[in-house]
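Here the structure is laid out as structure tokens; the discussion comes afterwards.
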2 protein chains.
Amino acid sequence: MSQQRHGSTPGEAGGVPAFPDLPEATIARLPEYLRALHHLAETGAETVSSEGLAAAAGVNSAKLRKDLSHLGSYGTRGVGYDVSLLVAQIEYILGLDENRAVCLVGVGNLGHALAGYAGFASRGFRVVALFDTDPRKVGEQINGLTVRHIDDLERIAAEESIAIGVIATPPGTAQTVADALVAAGVTSILNFAPGVLSVPSNVDVRKVDLAIELQILSFHEHRKASLTALPGGRSAAASPDKLPDNQKAVGS
Amino acid sequence: MSQQRHGSTPGEAGGVPAFPDLPEATIARLPEYLRALHHLAETGAETVSSEGLAAAAGVNSAKLRKDLSHLGSYGTRGVGYDVSLLVAQIEYILGLDENRAVCLVGVGNLGHALAGYAGFASRGFRVVALFDTDPRKVGEQINGLTVRHIDDLERIAAEESIAIGVIATPPGTAQTVADALVAAGVTSILNFAPGVLSVPSNVDVRKVDLAIELQILSFHEHRKASLTALPGGRSAAASPDKLPDNQKAVGS
DNA sequence: CGCGATTTGTGCACGCCTTCACAAGCGCCT
DNA sequence: AGGCGCTTGTGAAGGCGTGCACAAATCGCG
């Protein structure tokens, strides 16, 4: 190891490193940097400049430098960043060196696909348990795992030290499942079911709603269409007929 | 006052709305409001207060009011918002009244699930075409649709007026597919493949990376673990009440 | 008809994030 | 050894988004 001293080096001896409190925006980008770095490492690059890494990650180079500066000084002026060192540092910060155990609840259409998603295993996670309530699905084998009944969640979560749960159930049962996960000691939830979950404040929830993503794109389609329809003038087609008649026209 | 100024185009003469340019953050929340409103409509509510709708959507009520004020004045002071009117207005803004056609490229593990995802159809989108390059998958029937070869993309996209494409291929082929989509006239892309896509500036891309979501959760697990290990850190004080915490949604 | 209760719409201040611009530091070449 | 070019790390400024607090507006009721 090098004799370099950094505040939160993985190998820091003598107690817990002071955990840097990074801006949320930075945290959300670290995984993207990590993926780009892995790609660079495969191509044999040993160092990379902020400009190069920023391009690979699709961000501004100044932003990247500021993000990385929050982790500490891991670059060399005039040279760039050491790829493997930076990989190790980011993986440490993200806690990926622990190969975290994940459980998945809801083995329906989407859950089935997630259970077999290779991207999880290759990026630091082990899907160790599948749950469902449907008796016809319990017992099914998926990707080497047996689907269990959700009543076994608490026991298995404790056995396997599961801290992260993924919800892929229909919307109606998502809250019930979330409560069960929390009761089983899960403190991070990734929710694919539409709707808002209520959880204790010490539990983190991230939501992925596929339809919402499409709706946001749809908005931009609508916007683009209304712009190209008549540049500079009033749009020909776009007229919100849904409005009540007394509000339709502006009475000026 | 029957003649009320229509808020969506303040100061604009002629009565036709130039497209209101909403803050991105607002746009990202509109779909959540819409979902909550649909839920309210099913329960028979005709009006809803900003407080009530905000709770259902998991946001601050002041934020909700400000968001809606960007669309215009669709509430009544002392009463609240008319549910069906607000639904119509948000659907119009998001362009959902056009029941947009969507195509999906990559019928692998994840793509297969997306093709059958009921949430798309029920929220304003029609999946009208599936594509893949694998000859063994071409011709397969999924959910009433036949998987076509990607060479047919350009023709079918034109026939069906497809403006939105979903990429669910392995990372290596995502850029090629994106290029093909752009060439076929698609101007909005939802990308499930890890990595950065480069597209012309008139094309919108949204990315959903499932592993990144887990990695962000992993960071918070790591942080929480290091806090509880520290003596001085605020212990995870049992806060039994479930607050409608701000649930971080994926997105930019 | 007027008053009080209720709820919207918004001005304002604050904090986070982004971006620019540049000084400081490092290696290489002469 | 010294200078030169390259790259990082960061101070400062500007923009965006959030949340508070309150005036304006509307309804119901006596």
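Listing for the model above:
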{"item": "Within the stretch A:69-89, considering residues that are over 17 Å from A:Ala57 (Cα atoms), touching a residue at least 12 places away in the same chain (Cβ under 8 Å) and among the hydrophobic types (A, V, I, L, M, F, W, C), the one nearest to DNA strand C (Cβ to nearest atom)", "result": "A:Val79"}
{"item": "Subset tally (residues that are under 23 Å from A:Arg155 (Cα atoms) and surrounded by fewer than 21 Cβ atoms within 10 Å (Cβ to Cβ)) for the stretch A:97-114", "result": "4"}
{"item": "Qualifying residue in the stretch A:37-49 (condition: away from DNA strand C (no atom under 14 Å from the Cβ), at the interface with chain B (Cβ under 8 Å from one of its Cβ atoms) and either of a type in the set (Gly, Ala, Ser) or crowded, with 20+ Cβ neighbours inside 10 Å (or both))", "result": "no"}
{"item": "Odd one out for B:Phe125, checked against (1) under 30 Å from B:Thr47 (Cα atoms); (2) surrounded by fewer than 23 Cβ atoms within 10 Å (Cβ to Cβ); (3) touching a helix residue (DSSP H, G or I) at 6+ places or on another chain (Cβ under 6 Å); (4) in the same structural domain as B:Val177 (by TED's automatic domain parsing)", "result": "(2)"}
{"item": "Residue list for the stretch B:36-79, restricted to those being near DNA strand D (Cβ under 10 Å from one of its atoms), of a type outside the set (Ser, Thr, Tyr) and over 23 Å from the mean Cα position of the chain (by Cα)", "result": "B:Gly75, B:Arg77, B:Gly78, B:Val79"}
{"item": "Conditions (1) outside any helix (DSSP H, G or I); (2) touching a strand residue (DSSP E or B) at 6+ places or on another chain (Cβ under 8 Å); number of the one not met by A:Val59", "result": "(2)"}
{"item": "Evaluation of A:Ser84 against (1) in the same structural domain as A:Ala180 (by TED's automatic domain parsing); (2) more than 23 Å from B:Ala115 (Cβ to Cβ) (one fails), failing number", "result": "(1)"}
{"item": "Candidates B:Asp204, B:Asp179 - the one that is at the interface with chain A (Cβ under 7 Å from one of its Cβ atoms), closer than 19 Å to B:Val102 by Cβ and among the acidic types (Asp, Glu)", "result": "B:Asp204"}
{"item": "The stretch A:38-59 residues that are over 22 Å from A:Gly78 (Cβ atoms), paired with ones that are more than 8 Å from DNA strand D (Cβ to nearest atom) and outside any helix (DSSP H, G or I) (beta carbon under 6 Å, 6 or more apart)", "result": "A:Gly58/B:Val196"}
{"item": "Residues of the stretch A:187-201 satisfying the condition of being more than 7 Å from chain B (Cβ to nearest Cβ) and assigned to a strand (DSSP E or B)", "result": "A:Ile189, A:Asn191"}
{"item": "Filter result for B:Ile93 (assigned to a helix (DSSP H, G or I), touching a residue at least 40 places away in the same chain (Cβ under 8 Å) and surrounded by 22 or more Cβ atoms within 10 Å (Cβ to Cβ))", "result": "yes"}
{"item": "Per-region count, the stretch B:116-139, residues within 14 Å of chain A (Cβ to nearest Cβ) and part of a loop (DSSP other than H, G, I, E, B)", "result": "5"}
{"item": "Selection from the stretch B:207-226 of residues that are more than 7 Å from chain A (Cβ to nearest Cβ) and small (Gly, Ala, Ser)", "result": "B:Ala225"}
{"item": "Meets criteria (out of contact with any helix residue (DSSP H, G or I) (no Cβ under 8 Å at 6 or more places or on another chain) and either loosely packed, with under 14 Cβ neighbours inside 10 Å or over 24 Å from B:Glu221 (Cβ atoms) (or both)) for A:Asp132", "result": "no"}
{"item": "Qualifying residue in the stretch B:154-165 (condition: within 14 Å of chain A (Cβ to nearest Cβ), in a strand (DSSP E or B) and surrounded by fewer than 15 Cβ atoms within 10 Å (Cβ to Cβ))", "result": "no"}
{"item": "Qualifying residue in the stretch A:99-115 (condition: under 30 Å from A:Ser49 (Cα atoms) and in a helix (DSSP H, G or I))", "result": "no"}
{"item": "Only one of A:Val147, A:Val177 that is under 27 Å from B:Ala115 (Cβ atoms) and in a helix (DSSP H, G or I)", "result": "A:Val177"}
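The values are calculated or read from the model by the stated rules, or taken from the named source; none is laboratory data. Please read these numbers as outputs of a predicted model, since none were measured by experiment. As a convention, Cβ positions derive from the backbone with ideal geometry for all residues, glycine included, and neighbour counts pool all protein chains shown.
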